[in-house]
Each structure stands twice: as C-alpha cells, then as structure tokens.
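For reference, the structure discussed in these notes is given below.
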Amino acid sequence: MFTGIVEELGEIAAIERGAESAAIRVRGPLVTGDATPGAATAVNGVCLTVAEHHGHTFSCDGMAGPSTRTTQGPLRAGARAYLGLRRP
C-alpha cells in the first residue's frame, strides 16, 4: 500500500473515461522512473495500482464511482497532480 508521501508534482498526460472506469496516464520523471506494473502509487492522494509503464509515463485504471467522490473527478489532460510511489 502507498505510504502517503508526495514525491513530486507531475502531470496528467491523458485520461480516458468510460461508463464504469477511467484510465489515467501520468507523467513525472521521479515517480515514473521507478514505476513497475503492480506497484502502489498515489495520484492526488488516491491510491492506485500501476497497470502499465511507458518510458516517462505510467497508467492506472480506476472505477468511475470512487473517482467522482475524490480528487480524481476533475482531472483532465495537462492538469498538475501530486504523485507518490511505494518504495520497497
């Protein structure tokens, strides 16, 4: 589980919203450099799991319900986001 430590201010590279879920692609050199699929991360304080890692970005999947009740709701591409990654 993510410890709650914010490591950097990153950026939402892309967000794709579906009826029941959302896929978020995040950019941030410090956190994305160590991100691996399955790693616990936090985006604006919401704990998510890294689904894919692509060089300087990683993506996470989330459910539509919780995203409307958290800081994930108003996210859009280009928005700044507080990022953290669980370190072993």
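Here r is the Cβ-Cβ distance between Arg80 and His56 and R0 is 22 Å; the resulting FRET efficiency, rounded to 0.05, is 0.90. Nonpolar atom fraction for the stretch 1-50, defined as the carbon and sulfur part of the 1.4 Å probe accessible area, stands at 56 percent. Scoring 19-31, 40-52 by mean Cβ neighbours within 10 Å over their residues and listing the highest first yields 40-52, 19-31.
The values are calculated or read from the model by the stated rules, or taken from the named source; none is laboratory data. Source: prediction; values computed, not measured. Don't worry about glycine lacking a Cβ; one is built from the backbone with ideal geometry, like all the others, and counts go over all protein chains shown. What goes into the accessible areas is simple: the full protein's heavy atoms, side chains included, and nothing from ligands, DNA or RNA. Shrake-Rupley method; radii C 1.70, N 1.55, O 1.52, S 1.80 Å.
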